[in-house]
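Written out below as structure tokens is the structure these notes cover.
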Amino acid sequence: MSFEAGPNEPQTPAEKRVNPWVKFVLEIGPLAVFFLANARGEAMATKWPVIAQLGGPLFFATAVFIVATLLALVVSYALTRRLPLMPLVSAVVVVVFGGLALWLKNETFVKIKPTIIYCLFGGSLLVGLAFGKSLLGYVFDAAFRLTDEGWRKLTLRWGIFFLGLAVLNEIVRIYASTDIWVDFKVFGVLPLTFLFALAQVPLISRTSIEEPEEKSPG
């Protein structure tokens, strides 16, 4: 079976012009807002009864998270004139499951949302790999070029990692309190993802394809 690597084209000029700190805020900002809204939800409900009507701090945080996620997506599009696949899929799941949670007043839809996202990405990566294709470059909007071997190994690792996060989220969701689950979502998943990504640097460096030198005219 032939193997089709991920996209080896660098990011577009518009994407390159986005300040890394702005991109970081757009990706992490909604999650930080979710944590703060959940932490301060009860105190704010005493001042604004409409917050209490949502059903509690977690539901208030979910409503704020939906708005923050959509706002980050709009700002990202305004800056880059494109919608990266991973944030777009995440936003759709956030709106659907967050909306169900608010409508039915059932926090399970909030807690199961990360599991759905992780399974979608992990399953897509591994299924694509089984058919000889690496979808990792499309998922992460990759800005680097790798050999076929590099894409294959990196795709396999990230696919397994995403499924591992899904299992971990279910364990915390079922056996821990809501506050512990929120802490895990913010202070557990992010460091784990950062450390895992950092552990892939040697593979990326070893299998990177050097950019061809531009020939001067004439």
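Would you point out which residue out of LEU129, LEU192 is assigned to a helix (DSSP H, G or I), under 19 Å from LYS111 (Cα atoms) and out of contact with any strand residue (DSSP E or B) (no Cβ under 7 Å at 6 or more places or on another chain)?
On the way: LEU129 fails: under 19 Å from LYS111 (Cα atoms).
Only one candidate qualifies: LEU192.
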Notebook entry, point to check: Which pairs have Cβ atoms under 6 Å, sit 6 or more apart or on different chains, and link a residue in the stretch 194-207 that is at negative phi to one that is surrounded by fewer than 15 Cβ atoms within 10 Å (Cβ to Cβ) and not in a helix (DSSP H, G or I)?
Noted result: THR207/THR147
Checklist line | Hits in the stretch 68-88 (condition: β-branched (Val, Ile, Thr) and buried (at least 17 other Cβ atoms within 10 Å of the Cβ)) | finding: THR69, THR80
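Suppose the filter is under 17 Å from THR69 (Cβ atoms), within 17 Å of the chain's Cα centre (by Cα), β-branched (Val, Ile, Thr) and in a helix (DSSP H, G or I); does ILE160 pass it?
no
Determine if the stretch 92-111 includes at least one residue that is closer than 26 Å to PRO202 by Cβ and either buried (at least 19 other Cβ atoms within 10 Å of the Cβ) or modelled with pLDDT of 85 or more (or both).
no
Select, from THR193, THR155, THR178, THR115, the only residue that is surrounded by fewer than 15 Cβ atoms within 10 Å (Cβ to Cβ) and of a type in the set (Ser, Thr, Tyr).
THR193
Can you name every residue in the stretch 190-218 that is among the charged types (D, E, K, R) and modelled with pLDDT of 90 or more? Give the derivation first.
Of all residues in the stretch 190-218, those among the charged types (D, E, K, R) come to 206, 210-211, 213-215.
Result: ARG206, single match.
Quick check on the stretch 47-65: of everything there that is at pLDDT below 80 and part of a helix (DSSP H, G or I), which residue is nearest to the chain's Cα centre (by Cα)? I'd like the intermediate steps shown before the answer.
At the first step, the residues of the stretch 47-65 found to be at pLDDT below 80 are 47-56.
Next cut, part of a helix (DSSP H, G or I) only: 47, 49-53.
Working: LYS47: 33, PRO49: 32, VAL50: 30, ILE51: 27, ALA52: 29, GLN53: 30 Å.
Across the stretch 47-65, the extreme among qualifying residues is ILE51.
Report whether or not VAL75 is assigned to a helix (DSSP H, G or I) and either under 21 Å from LEU125 (Cβ atoms) or in contact with a strand residue (DSSP E or B) (Cβ under 9 Å, 6 or more places away or on another chain) (or both).
On the way: assigned to a helix (DSSP H, G or I): yes; either under 21 Å from LEU125 (Cβ atoms) or in contact with a strand residue (DSSP E or B) (Cβ under 9 Å, 6 or more places away or on another chain) (or both): no.
The answer is no for VAL75.
The values are calculated or read from the model by the stated rules, or taken from the named source; none is laboratory data. Here the structure is a predicted model, which means the values were calculated and not measured. As a convention, Cβ positions derive from the backbone with ideal geometry for all residues, glycine included, and neighbour counts pool all protein chains shown.
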